[in-house]
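Take this structure first; my questions come after.
The numbers here are math on the coordinates, done by the rules we state, and not lab data. Note that the structure is a prediction, hence the values are computed from the model and not measured. Please note: Cβ atoms are built from the backbone with ideal geometry, for glycine as well, and neighbour counts cover all protein chains shown.
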Amino acid sequence: MKQPEPVTQVKRRRDLALSLIVSQVPYITFLGVSFDRHGDELTSTMAFHDDLIGNPMLPALHGGATAAFLEVTAIVGLAWASLWTDIEEERLNISAVQNGKLALPKTIDLTVDYLRSGLPRDAYARARVNRSGRRYASVHVEGWQDNRSRLFAQATGHFLMPQRDG
């Protein structure tokens, strides 16, 4: 009987895979978005900074920054979900990914619902993959700030899935 893999190795492999996915999208760093991983669940955080303000009179987060935050959450969440089995079974080719060979889903369309003004503070989001096939995927994202039950924005996106070998 095969011995279970040490938990530190599992965590290290998952963290490396997530950081490699995130590194494929430089805009994530520009926005100040980070991802927390708990098992297979990701929560993204867009740390507040003054450049994110769109209307200084309110002040409120810029709608474009909000939409971009939800879109990168959807892309990373979808890539994470689609690669989960490869990550867990150690089939993800880390060296190929490190050389920029990881193809991420491409946005077909994204519909954003602005439910209330985004306040000048950190924002959080989670993506839920509604459908993911070989060619197409549908993802719903919810964004909140202080209270998860009071969303400030949500989005639904459709994505073209990258071709997979095998």
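Applying the selection to the range 131-158, what residues are free of Cβ contacts under 8 Å to residues at least 12 places away in the same chain and either closer than 20 Å to ALA65 by Cβ or not basic (Lys, Arg) (or both)?
Within the range 131-158, ASN147, SER149 qualify.
Related question: Could you grab the pairs with beta carbons closer than 8 Å, sequence gap of 6+ or different chains, first residue in the range 32-45 and in contact (Cβ under 8 Å) with a residue 60 or more places away in the chain and more than 19 Å from LEU61 (Cα to Cα), second one outside any strand (DSSP E or B) and aliphatic (A, V, I, L, M)?
LEU42/LEU18; LEU42/VAL76
Mind listing whichever residues of the range 1-38 are surrounded by fewer than 16 Cβ atoms within 10 Å (Cβ to Cβ), of a type in the set (A, V, I, L, M, F, W, C) and part of a loop (DSSP other than H, G, I, E, B)?
Going through the range 1-38, the residues surrounded by fewer than 16 Cβ atoms within 10 Å (Cβ to Cβ) turn out to be 1-12, 15-16, 19, 23, 26-27, 29-30, 34, 36-38.
Cutting the leftovers down to of a type in the set (A, V, I, L, M, F, W, C) gives us 1, 7, 10, 16, 30.
The answer is MET1, and nothing else.
Looking at the range 53-83 only, could you name the residues that are part of a helix (DSSP H, G or I) and under 11 Å from SER117 (Cβ atoms)?
Selection gives GLY63, THR66.
List pairs: first in the range 7-25 and farther than 16 Å from GLU89 by Cβ, second of a type in the set (Ser, Thr, Tyr) and part of a helix (DSSP H, G or I), Cβ under 9 Å, 6+ apart or cross-chain?
These pairs meet every condition: VAL22/THR29; SER23/THR29.
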